[in-house]
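Colleague: This is the structure I have questions about; it appears just below.
No value in this document is a laboratory result; all are computed from the given coordinates. None of the values given here were measured: they were computed from a predicted structure. Glycine gets a Cβ as well: all are built from the backbone with ideal geometry, and neighbour counts include every protein chain shown.
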Amino acid sequence: MIWTDKEIVDWHIKTFPNCTAKDQADKVGEEIHELIMAFVNKESKERIAEEIADVYIASLVLEKRFGIKTSLFLSRLGKEDSIKKKMDENAKRKWVGNHHVE
């Protein structure tokens, strides 16, 4: 499945109906931290791409669902495969609050 921005936001609304703008801003912060740590720890390009996709997805929702513009909003160009892979994975996970459970 190709995940459009609208489909990602619709999935988020369905999966996290009680999510607030603050919850989502916190999520963006968590994802940015994970991305930075992936760089610091010199993780694989695949792992870094996954973290970039997480930051993109969380930022997209913050902007499109909650109307909060962010300079962290990333260009989708060149990241479609990572975003698709990550959203396919997210859609299969079980979620408690704003976090997945393994």
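Colleague: Every residue in segment 1-44 that is among the small types (Gly, Ala, Ser) and in contact with a Lys or Arg (Cβ under 9 Å, 6 or more places away or on another chain), please.
Modeller: Those that are among the small types (Gly, Ala, Ser) and in contact with a Lys or Arg (Cβ under 9 Å, 6 or more places away or on another chain): Ala21, Ala38.
Colleague: Could you check segment 20-30 and list, in sequence order, the residues that are closer than 11 Å to Arg65 by Cβ and in contact with a helix residue (DSSP H, G or I) (Cβ under 7 Å, 6 or more places away or on another chain)?
Modeller: Of everything in segment 20-30, those that are closer than 11 Å to Arg65 by Cβ and in contact with a helix residue (DSSP H, G or I) (Cβ under 7 Å, 6 or more places away or on another chain) turn out to be Ala21, Gln24.
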